[in-house]
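Down below is the structure, laid out as structure tokens.
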Amino acid sequence: ESGDLLSGANDIDDVADGTVTAGSEEYGIKTTGGDGQLVTDTAITGASLTVASSAGAVQSMDTPILFSVSVDTTKTRQGSYSHVATFTLTANP
């Protein structure tokens, strides 16, 4: 990923407690589906994350990735926030 969720010099904090809570400034991802590995909101810090994994053969398996963000109206600056998250698929034949 390209770094924090940014709008110019302003950022939104990574989630620290496993839940993106309304009214708190925080950002994270989690997965749903049988092969999803992130069952709670997880910070995207630049460290490698396993998002989905299967020990067996997989065919037509969906693993939705949910991006969640919440703002604190007293802390979060107005702006258009973005960053780039890159996903890499590795297959073991």
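The values are calculated or read from the model by the stated rules, or taken from the named source; none is laboratory data. In this text the structure is predicted, and so the values were computed from the model without any measurement. Quick reminder, even Gly has a Cβ in these numbers, built from the backbone with ideal geometry, and neighbours come from all protein chains shown. Keep in mind that these areas ignore ligands, DNA and RNA; they rest on the heavy atoms of the full protein, side chains included. Shrake-Rupley method; radii C 1.70, N 1.55, O 1.52, S 1.80 Å.
Selection of the range 47-93 for residues being aliphatic (A, V, I, L, M), outside any loop (DSSP other than H, G, I, E, B) and open to solvent by less than 60 Å² (accessible area, probe 1.4 Å) yields Ala52, Ile65. Among the residues of the range 21-32, write down those that are surrounded by 12 or more Cβ atoms within 10 Å (Cβ to Cβ) and assigned to a loop (DSSP other than H, G, I, E, B). Residues satisfying the conditions are Thr21, Ser24, Glu25, Thr32. What is the number of the single condition among (1) modelled with pLDDT of 95 or more; (2) under 11 Å from the mean Cα position of the chain (by Cα); (3) assigned to a loop (DSSP other than H, G, I, E, B) that Ile44 does not meet? So the condition that Ile44 fails would be (1). Only a single criterion out of (1) open to solvent by 70 Å² or more (accessible area, probe 1.4 Å); (2) in contact with an Asp or Glu (Cβ under 9 Å, 6 or more places away or on another chain) is not satisfied by Val39, namely (2). Evaluate the following for Gly23: is it touching a residue at least 60 places away in the same chain (Cβ under 8 Å) and at positive phi? Against the criterion (touching a residue at least 60 places away in the same chain (Cβ under 8 Å) and at positive phi), Gly23 does not qualify.
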